[in-house]
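Worksheet: the structure to be examined is printed underneath.
The values are calculated or read from the model by the stated rules, or taken from the named source; none is laboratory data. Note that the structure is predicted; figures quoted are calculated from it, not measured. Cβ coordinates were reconstructed from backbone atoms using ideal geometry, including for glycine residues, and neighbour counts include every protein chain displayed. To get the accessible areas, we keep the full protein, side chains included, count just its heavy atoms, and leave off ligands, DNA and RNA. Shrake-Rupley method; radii C 1.70, N 1.55, O 1.52, S 1.80 Å.
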Amino acid sequence: EFVVNVKETGKILLVDYSDIKNLRTTEIEAERFLHDGGWDSSKRYFLVAANMRNTVSVVDTKIGKLAANVKVGTKPHPGRGANWNDVKYGPVWATGQLGDDTVSVIGTDPAKHKQHAWKVVRTLKNHGNGSLFIKTHPKSKNLWVDAALSPNSEENQSVSIFDLKNLDKPAQVINLAKLAEIGDGPMRITHPEYNRTGDEVWFSLWNPKNKQSAIVVMDDKTRGLKAVIKDPRLITPTGKFNVYNTQHDVY
């Protein structure tokens, strides 16, 4: 099946293409306006942000029905979201928000953790609002969150790093633009993306076309700078994707 967001309508289509000449489509009413989303760790449930309704819609793709509409923060924008096994609540998936400085953590395991399923079980404090992307990796103990659309330059050039084993502890905040030392410009840091082995996190340093942009590579274990990739062909870089992680939905 394809999972299709018909964004402005708030509808999600499950399109069975096993018989390509006779498609079977299931139409599911979710919420408006549908935007980014991704899978839970079991790959059964698809979670997608309906950002104008401050909602994450959850589709059970096994039975082809809406599982829940979960109220989160203001204008959620998860990218594909982030999955981990929470020490208290079991499997969870998280989204940042465009409109506030929170990260909403949703329980995703109705089989073994029914009391937490499709509820916001934690609300974490990001270093700023305007988050576009959030990311972790099965081999990592960290959660990285940007604030790329914050109007505050210190916030939009920085990232929050949470310790997944101790989420009661405040995030570490690092200004990656200053760390990269690439010169001037209204630089913004966005789109954390892990390498396949889960020991590096790559960020886009997003500058105007007449300024120096870069890819900033961070060591996930030490949270230190590993490399700064510069090239004239890197012009306002945004999304970048590890092929293996994308193919296998590793997030």
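Computed about its Cα centre, the charge dipole of the range 1-120 is approximately 220 debye, with only Lys, Arg, Asp and Glu carrying charge at their Cβ.
Evaluate Rg over Rh across the chain, taking Cα atoms for both radii and Kirkwood's formula for Rh. Taking Rg over the Kirkwood Rh, I get 0.98. Here residue 118 sits with roughly 40 square angstrom of accessible surface, probe radius 1.4 Å. Here the chain is treated with +1 on each Lys and Arg Cβ and -1 on each Asp and Glu Cβ, and its dipole about the Cα centre works out to around 280 debye.
Under 4 °C and 1.567 mPa s, how fast does the range 1-109 diffuse according to Stokes-Einstein, given a Kirkwood radius computed over C-alpha pairs? Answer in µm²/s, whole number.
Values: Rh = 14.0 Å.
Answer, rounded: 93 µm²/s.
Within the range 66-199, the percentage of alpha carbon pairs spaced more than 22 angstrom apart rounds to 35%. Adding -39500 (n - 2.57) for every DSSP H run of four residues or longer, then dividing by how many residues the chain holds, sets the calculated 222 nm ellipticity at -1000 deg cm²/dmol.
For residue 8, the accessible surface of its heavy atoms amounts to roughly 130 Å² (probe 1.4 Å, protein chains only, rounded to the nearest 10). Estimated at the nearest 10 Å², the accessible area of residue 102 is 30 Å² with a 1.4 Å probe.
Express in whole angstrom the spacing between the alpha-carbon centres of the range 97-123 and the range 149-219. After rounding, the separation between the Cα centres reads 25 Å. Please identify which residues in the range 214-251 have an amide N closer than 14 Å to a label point set 7 Å out from the Cα of residue 153, following the Cα→Cβ vector. Counting only backbone N, you get no residues. Subtracting the Cα-Cα distance of residue 52 and residue 22 from their residue separation scaled by 0.36 nm leaves 7.4 nm. Given contacts defined as C-alpha pairs under 8 Å and at least six residues apart, what's the relative contact order of the chain, whole-number percent? Result for the chain is 10 percent. Can you pick out the pairs among 43/178; 43/65; 178/209; 88/226; 43/240 whose Cα atoms lie more than 26 Å from each other? Distance filter (> 26 Å) returns 43/178; 88/226. Give me P(r) over the range 115-176, computed from all C-alpha to C-alpha distances, binned every 10 Å, as integer percentages. Spelled out per bin, shortest first, that is 23, 47, 26, 4, 0.
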